[in-house]
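What follows is a short report on a single structure.
Derivation of every value follows stated rules applied to the coordinates shown; laboratory data play no part. Values in this document were obtained by computation on a predicted structure and should not be read as measured data. Methodologically, a virtual Cβ is constructed for each residue, glycine included, from the backbone with ideal geometry; neighbour enumeration extends over all protein chains shown.
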Amino acid sequence: MQVSQYHKGVVLDFPRVCLYTGMTEIPFTLFLPFDSLENTMPHTVPDFIKALMAPNAYPHKVDTVKLIQTHISYVLIAGDFVYKIKKPVNFGFLNFTSLDKRKFFCEEELRLNRRLCPSIYLETLPINHTANGHCLGGSGETIDYCVKMVRMPDSGMMGNVIAAGKLTREHIDAIVAILEPFYETAQGGKDVAQNGTAEAVGVNVIENFTQTEQFVGCPALNKNEFDAINSYSRRFLEKSHIFEKRIAQNRIKDCHGDLHSANICLADSVYIYDCIEFNTRFRFCDIASDLAFLAMDLDYHNLTDLSSYLISRYKEDSGDTALDEVLNFYKCYRASVRGKIGLLTAHEQEVDEKTRATSLRQATKYYLLAQKYARG
């Protein structure tokens, strides 16, 4: 990782493949109280982030501020609210290097996520620098922007509900009741639909195999597994008539793009958040691809009955009976991407041995799932 100056802080430049390739951001650092921050990582956190670690930096009650870093974001958890700030990074498919770009994508994140979470995504705010230091809003030079969100309860996070063994069909019913009308009214049309052709889908699928090939032979992925998943996917992409049929049925929409349990909260209502805002290539897709991610995620957690129930309920409510034709293909793709993310994480120099072992174990399971889907 190369580091250079940025607003008295740093610009982060990751020359390797990013862990976020249209999928979930992977948290890699958690900072706790403000008074320990200087001694924790003083050369890699910009000054304005350090300033926002102080509880008195906010206009509302805050006892302790927590900072979670991903490869593309700083996420500040402050009392009843969360502030998300984009890092000035460029990964090709994602470019946040200029202030104007970060402002634009903060606004896009707000606009797009309000489709499913209007009460959670509140506003975008400037981060300003004054003679007295850094602040949210107010006067002074704007040096960055953030998205302000309502903090959702940890107990309602779908991953925690799954871990507690408490996920039910009623939860799935509630999720489908949100998703079906969302997809029905989501933007479609020619510009969106062109992302559903076999050629366009193949760009993402083949790119994933290209990025994974370097890891073939490691404990999580042997050559036979890789070849089987790769061959199946390429053969399916040759069936262009199936993709054209999905386009003709108006099944290619402006979707969520990252629909799995880590981005769903089951609280007083169902909150489906953190969609892909930075690149339409990962969000303009077949509805089946979006749903396949969540169905695969349920399979991964050994909840195959609920996975099947999710798909059957959606087909019943939407009338999309042809979804099954492409479901295994997209589940295979989603499992392969998650497997790749596990491998990339495991091979990062920054991760500790526990994280490395966990990532390899998860990647192994994802690739076994991908093989299962490839076999049909």
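Have a look at 307, 231, 116 and report the one farthest towards the positive end of the charge dipole of the chain, computed about the Cα centre with Cβ charges (Lys/Arg +1, Asp/Glu -1).
231
At 222 nm, what helix-only mean residue ellipticity would the chain give, in deg cm²/dmol to the nearest 500, using -39500 (n - 2.57) for each DSSP H run of four or more? Could the numbers behind the result be given before it?
Numbers: 13 runs with 165 residues, N = 376.
So the helix-based figure for the chain works out to -14000 deg cm²/dmol.
Grab the beta carbon distance between residue 353 and residue 132, set R0 = 30 Å, and tell me the FRET efficiency rounded to 0.05.
Working: r = 44 Å, r/R0 = 1.46.
Calculated transfer efficiency: 0.10.
Can you tally the net charge around residue 239? Count Lys and Arg as +1, Asp and Glu as -1, for every other residue whose Cβ sits under 15 Å from the Cβ of residue 239.
Details: positive: 234, 235, 245, 246; negative: 199, 238, 244, 286, 324, 325.
In short, -2.
Which trypsin sites (Lys or Arg not before Pro) in the stretch 227-312 pass both tests, a DSSP loop state and at most 14 other beta-carbon atoms within 10 Å? Each step should come with its number before you reach the end.
Details: sites: 234, 235, 239, 245, 246, 251, 253, 281, 283; in loops: 239, 251, 283.
Loop-located and lightly packed - 239.
In which sequence would 330, 232, 74 go, from the one with the fewest C-beta neighbours within 10 Å to the one with the most?
Numbers: 330 25, 232 19, 74 22.
Neighbour counts put them in this order, fewest first: 232, 74, 330.
In the Gaussian network model of the chain, springs joining C-alpha atoms below 10 Å, which of 314, 58, 273 carries the largest mean-square fluctuation?
The residue with the greatest mean-square fluctuation here is 58.
Given R₀ = 41 Å, FRET efficiency for residue 173-residue 227 by Cβ-Cβ distance, to 0.05?
The pair residue 173/residue 227 has a calculated efficiency of 0.55.
Order these by the 10 Å Cβ neighbour count, fewest first: 146, 218, 285. Before the final figure, lay out each step's value.
Values: 146 23, 218 14, 285 28.
Ascending Cβ contact count within 10 Å gives the list 218, 146, 285.
Just want the answer: with Cβ charges of +1 for Lys and Arg and -1 for Asp and Glu, which residue in 78, 374, 192 is farthest toward the dipole's positive end in the chain?
In the chain, that residue is 374.
With everything on Cα atoms, drop me the angle between helix 198-212 and the longest principal axis of the chain, reported from 0 to 90° to the nearest 10.
60 degrees
Filter the trypsin sites (Lys or Arg not before Pro) in the stretch 164-203 to those in DSSP coil with at most 11 other Cβ atoms within 10 Å of their Cβ, and list the result.
Numbers: sites: 166, 169, 190; in loops: 166.
Within the stretch 164-203, the qualifying trypsin sites (Lys or Arg not before Pro) (loop, at most 11 other Cβ atoms within 10 Å) are 166.
Using 1/(1 + (r/R0)^6) with R0 = 22 angstrom and r between the beta carbons of residue 368 and residue 262, what's the FRET efficiency to the nearest 0.05? List each step's numbers first, then the result.
Details: r = 20 Å, r/R0 = 0.92.
E(calc), rounded to 0.05, equals 0.60.
Taking H placed 1.01 Å from N in the peptide plane, check which residues at least 5 places from residue 143 or on another chain put their amide H under 5 Å from its amide H.
Counting only residues 5 or more places away or on other chains, the set is 127, 128, 129.
Apply the Karplus parameterisation 6.51 cos²θ - 1.76 cosθ + 1.60, with θ equal to phi minus 60°, to every residue of the stretch 152-161 and state each ³J(HN,Hα) to the nearest whole Hz, in sequence, with x for glycine and proline.
After applying 6.51 cos²θ - 1.76 cosθ + 1.60, I find 8, x, 4, 5, x, 4, 4, x, 6, 5 Hz.
Would you list 91, 104 from fewest to most Cβ contacts within 10 Å?
If I rank by nearby Cβ atoms, fewest first, I get 104, 91.
In the chain, once you exclude exposed GluC sites (Glu not before Pro) (DSSP loop, at most 16 other Cβ within 10 angstrom), what's the longest stretch remaining? Don't skip to the answer; put the middle values down first.
On the way: sites that count: 238, 350.
Answer - 1-237.
If amide H atoms are built 1.01 Å from N in the plane of the peptide, which residues on other chains or at least 5 residues away come under 5 Å of the amide H of residue 65?
Under 5 Å from the amide H of residue 65: 34.
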